[in-house]
Structure formats: C-alpha cells, structure tokens
Amino acid sequence: QIEDVWIRKVFTGRGDITVEVELTAEDPAAGGYVVTRAAAPAGASRGAHEVLYFPEGGVDAALAAFEKLVAPEVVGLDVTETYAVDGKLEEVDGTPRFERIGGAVAIATSFAAAEAGAASLGVPLFTFLGGAYARRLPLPLGNVIGGGKHSRGLGPDIQEFLVIPLNPPDAFTAVYVNAEVHKRALKYILKVDSSFTGGKNDEGAWTPRISSITALKILKEAAAEVEKELGVEVGLGVDVAASSLWNGGRYVYKNEGVERGPREQMEFISKLVEEFDLIYVEDPFHEEDFQSFAELTDKFRDRLIVGDDLFVTNPDRIKRGGEMKAATGVIIKPDQIGTLMRAHQAVETAKRFGMRAVVSHRSGDTEYRTLAHIAVGFGADVIKTGIMGGERTAKLNELIRIGDYLGKWAAIARIR
Ligand code: PGA
Ligand code: ZN
C-alpha cells in the first residue's frame, strides 16, 4: 500500500528539466517500508500524437497537478496492482493525452509504482512485469553516428546510424560489439574529415559533418571490422526520423542540399536498404504516411521496418498499422503514451499483428535502468538505448546484470 509520494525537478542527460517521483509503500513481508524512485525521460524529435509532456504552464504546473490531483488519489493503493495505479492516473487526468497532469508525471509515477510492486514482492522488476518465465534478453540497438535534431542540425540529415549484433552469445558480448563499432568508427570518420574533433550528440553518437551515404559507408566498414574480429554478425540500421525532415510536401535534407518528394523518398530508402543491407529502418516516412510504410514493408518483409512517430506507442495507431501491414516492428517508448499499462497494451497489440517490439529510450534520458527490465518483462526483441554516456550505459549494464542473474536460463532474442 502506498503510504506517501513526492515529486521533484531533476535533469535529463541533455540538461533539460524533468520530474522524478518517489514513493513509500508498506512492505508487509519485511514488516517495514520500500522506497522507490523513477524519472521521466524526454524526447527531442517528438511525435505529434504523443501524450503532452508537461501540462500548460510547464514543469511547475506539472508539480502542482501532481500535488493536487495525483498524490491524494494514489496514496492507499496497492502497489502489487499497478494497473490500478495506472488506471487511477488516467482517471484523475481524464483526457486521452494527459493534458492535465502531463505525460512526464504520469510515466514517472507509473514507473515508481511498478518498482514498488516488484520490491514489495521481493522479485526483480522484469519478473514483476513479465511473469515467472520472462527470461529472454532483447538485442541492443546502438547509435554510432548521429545527425538531425539530436545533433542540433549540424550533422547528417538522417538522425541515427545504428548497429545491432545479430547472433551474440550473451548480453555482455552484445553490448561489447556495439561499443567496439562505435569506437572504431572514429578512425574511418577521420579518414574522410581530418578536422573532426570527436564531438558527440545527445545519445553519444559521433557528429561529423558528413553526408548520410558517407555515414553508412563508415558504419559498414567499422561493423565489418568488428564482425571479423569478434565473430558476431552485425546488422546496420537507420532512424530517418522523417517527420523532422518533412515540410508538408517534401523531405528536406538541409545539410546535404537535397529535397525529395514522397516517391523519391521511397526510392532513396529502398536503395539504402539494398546497398547497405539494412536490417533496421525506423520512421522512413512522416508520421501520417501509413501508406508508404506499408509499401516499403511489402518490399522488405524480412527487415525490421519500424514505426516510432508513426505509432507513438498508441495501441489504436498500432492496430491501424497492423491491419494495413504498415510495419514489421513497433517502437515502444512508455513515456509517449504515459503509463506502463498502456505501453504493455501497445506491445500486445504489436505482437497480435506479428510486429516486433523495440523498447526505446529518449534522446534526453536519465540514469535510471528501468528500461532494461521493461524490455525483458514485456518480451521485446530489441532494446534501443544508444551506446555511450551514463544514461545509456545504465540500461545496457542492467541488461548484462539481468543476463547474469538468469545465468544459463537466459535466452537471447533473434531477429533473423
Ligand atoms: P527523441 O527521438 O529525440 O524524441 O527521443 C528518438 C527517436 O526518434 O527514436
Ligand atoms: Zn525514432
């Protein structure tokens, strides 16, 4: 039973203000109390259909809404029934986009309650979320070279150039592969731009002033080197974050000096998939274009064609995409939809349509490790966390710990 709740302002890894919720719950088994905390991550390339991050009035309005609407209602609820806490958040807010309390307050409360539920039962969070047989580790998808909004518009126009180990024997090796590709990419970047000073973006990806094609060539070389040395297959991917490029009629690649209409975008992306054997393509079209997503998915059914801003972790949008066969994968960012209960429903909906779940961080994330547990608990095939920086390694190191805890019973996801 929740005894007391607090909220405070803290910072994301990008230095932006977010909220952290702390709660105390009675722990009957231990005859004492458990105290848990969680913070809300924050995105930069947010989808138009996400829940509202802060209510009108910003973070202080969020704090006030928490004190007035949330705190009095959640005290007394049973933390082992977190759906009741999540349901209460929806109830006290009363709007579909969390316009009164804000998604940041909602998700931080939801996370903290789940942590308390697990702690009060004395089980790891992934077991609490996924049940006794949750033991499969997702493959880590890491960001090596970055552009778009995450690099303040100063790098390539495509937002993320990604790698994913395809057949790692364990979580440690999986993370090691990504870190090595990231490290070695620098050498290849310096070959094409000797003035590069080693700058990294919000997610720790290198941000050279190079074109998207050059970035992919570098990624390919660095990945091949690591593949050969470590004996693990490495897949390549991109997050185009195309809504950030879309001006209502065309995709504007500002730094690369190109504009592409919807047809040209389709051809460009298809060419990238073929030329670089991309296994992962996120948001290749803007967030309303289900049709183009479906066309690309039809062409490349054996790849992960993934919707982020397209679906915004919203079960209704995922259902629409599933019916249209618009994707083979779905980004799950719990903060996009406001509660773990809704994020779980999003995962279930994706699976019902044969789409894989990619549980994901935000570009402005925090030191919390929660996401690793959510990915294992919800049975995700992929976890997207970046590679470098404390808020990224917090999740990756936790994945390694979970693997260690499960020992020989750990299984590892395969995406092909
Ligand atoms: P974010 O986007 O900056 O909104 O977190 C990351 C992404 O597009 O995957
Ligand atoms: Zn994205």
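Shown is the FRET efficiency for Val192 and Thr80, computed with R0 = 35 Å from the Cβ-Cβ distance and rounded to the nearest 0.05: 0.05.
Subtracting the Cα-Cα distance of Glu274 and Lys299 from their residue separation scaled by 0.36 nm leaves 7.9 nm.
Residues Tyr33, Tyr133 ordered from highest to lowest accessible area at a 1.4 Å probe: Tyr133, Tyr33. Report summary: the helix-based calculation at 222 nm, which adds -39500 (n - 2.57) for every DSSP H run with n ≥ 4 and divides by the residues of the chain, gives -12500 deg cm²/dmol. Scattering from the range 234-386 was approximated by placing one identical point on each alpha carbon and applying the Debye formula without solvent; log10 I(q)/I(0) at 0.19 1/Å stands at -1.16. Relative to the longest principal axis of the Cα atoms of the chain, helix 171-192 runs at roughly 40 degrees. When Rg and the Kirkwood Rh are both derived from Cα coordinates, the Rg/Rh ratio for the range 30-98 amounts to 1.01. In plain terms, the bigger the Kirkwood radius, the slower the diffusion; for the chain, with that radius from Cα pairs, at 25 °C and 0.890 mPa s, Stokes-Einstein puts D at 114 µm²/s.
Compute the helix-to-body angle for 290-299: its Cα long axis versus the longest principal axis of the chain, expressed 0 to 90° and rounded to tens. It is inclined by approximately 60 degrees. Seen from Phe196, the other residues with C-beta closer than 13 Å to its C-beta sum to a net charge of +3, counting Lys and Arg as +1 and Asp and Glu as -1. Between Lys200 and Glu73, the contour length at 0.36 nm per residue exceeds the Cα-Cα span by 41.4 nm.
The mean accessible area for residues of the chain, using a 1.4 Å probe and ignoring ligands and nucleic acids, is 38 Å² per residue.
Helix 212-230 and the longest principal axis of the C-alpha atoms of the chain enclose an angle of approximately 80°. Structure note, pairs Lys228/Lys325; Lys68/Lys88; Lys149/Lys351; Lys200/Lys333: Cα-Cα distances above 25 angstrom occur for Lys228/Lys325; Lys149/Lys351.
Let a ≥ b ≥ c be the square roots of the eigenvalues of the Cα gyration tensor of the range 92-221; is it rounded (a/c under 1.5), or, if not, prolate (a/b larger than b/c) or oblate? Please list the in-between numbers first.
On the way: a/c = 3.38, a/b = 1.61, b/c = 2.10.
In terms of gyration-tensor shape, oblate.
If the chain between Arg8 and Arg320 were fully stretched, how many nm would it gain, using 0.36 nm times the residue separation less the Cα-Cα distance? It would help to have the intermediate numbers written out before the result.
Numbers: separation 312, 0.36 × 312 = 112.32 nm, distance 3.75 nm.
Stretched out fully, the Arg8 to Arg320 stretch lengthens by 108.6 nm.
Taking label positions 7 Å along the Cα-Cβ direction at both Ala64 and Glu259, the computed distance is 4.4 nm, reported to one decimal. Modelled label positions at Lys183 and Val123, each set 7 Å beyond Cα in the direction of Cβ, lie 3.8 nm from each other.
The values are calculated or read from the model by the stated rules, or taken from the named source; none is laboratory data. Keep in mind the model is a prediction, meaning the values are calculated, not measured. Cβ coordinates were reconstructed from backbone atoms using ideal geometry, including for glycine residues, and neighbour counts include every protein chain displayed. Keep in mind that these areas ignore ligands, DNA and RNA; they rest on the heavy atoms of the full protein, side chains included. Shrake-Rupley method; radii C 1.70, N 1.55, O 1.52, S 1.80 Å.
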